[in-house]
Amino acid sequence: MNLASIRIITTEVRPLVEFYEAVTGGQFTFYTEDFAELSTASGTLAIGSTRTLELFGGQAVAAAASNQSVIIEFYVDDVDERYQLLSDRSYSGIVQAPTTMPWGNRSLLFRDPDGNLVNFFTPVSDAARKRFGKEV
């Protein structure tokens with residue numbers, strides 16, 4: 001089994017897509033006005049409108065902008081550089097500036113426009129780089 005994607009349900013697809021395109025530098029593909037995907041080498045971030053919930057059993061299945069337990073994580077080459085880009089844009093959603101975690105990743109934690117937590121991280125310890133297949 002492989003994790004294929006994470007899907008965010010939102011009331012405003014385009015603004016959320018534009019945010020993720022700006023912070024990741026990636027390009028989403030729109031399949032309908034209610035559904036878009038950003039494909040990466042290791043998985044896909046999908047963004048779907050609340051209207052798509054009707055296909056899964058109705059509006060009670062999920063609630064937009066209500067995540068309190070999931071962090072969407074992106075492996076980036078230089079987390080400090082990403083932090084500087086967000087700072088240059090005067091982005092106000094920063095939760096934690098780049099910090100080196102005990103498990104060896106340098107992490108930047110912030111919120112997207114719907115309040116979802118996003119972590120950009122770069123492995124910095126030898127053990128962390130090894131876990132991600134980088135030379136030590």
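General remarks:
- Once backbone amide H atoms are built at 1.01 Å from N, Arg106 has Met101, Thr122, Val124 as its partners under 5 Å, excluding neighbours fewer than 5 places away on the same chain.
- Ellipsoid equivalent to the stretch 30-74 - semi-axes via the Cα gyration tensor, in Å: 20, 16, 8
- Helix 79-88 axis versus longest C-alpha principal axis of the chain: approximately 60°, rounded to the nearest ten.
- Looking at the chain, the pairs of alpha carbons with a distance over 26 Å make up 27% of the total.
- As a calculated quantity, the FRET efficiency between Glu37 and Tyr91 at R0 = 35 Å, using C-beta atoms, amounts to about 0.90.
- Translational diffusion of the stretch 1-60, µm² s⁻¹ [Kirkwood Rh, Cα pairs; Stokes-Einstein; 37 °C; 0.692 mPa s]: 275 µm²/s
- When the stretch 68-136 is reduced to its Cα atoms, the Kirkwood hydrodynamic radius in Å: 12.4 Å
- Trypsin sites (Lys or Arg not before Pro), loop per DSSP, at most 13 other Cβ atoms within 10 Å - longest free stretch of the chain: 1-88
- Whole-Hz couplings from phi, Karplus 6.51/-1.76/1.60, listed for the stretch 8-15; x for Gly and Pro: 9, 9, 9, 8, 10, 5, 4, x
Read the figures in this text as sums done on the coordinates, not as results from a lab. Fair warning: this is a prediction, and the values are worked out from it, not measured in the lab. When we count neighbours, we look across all protein chains shown, and the Cβ atoms used for this are built from the backbone with ideal geometry, even at glycine.
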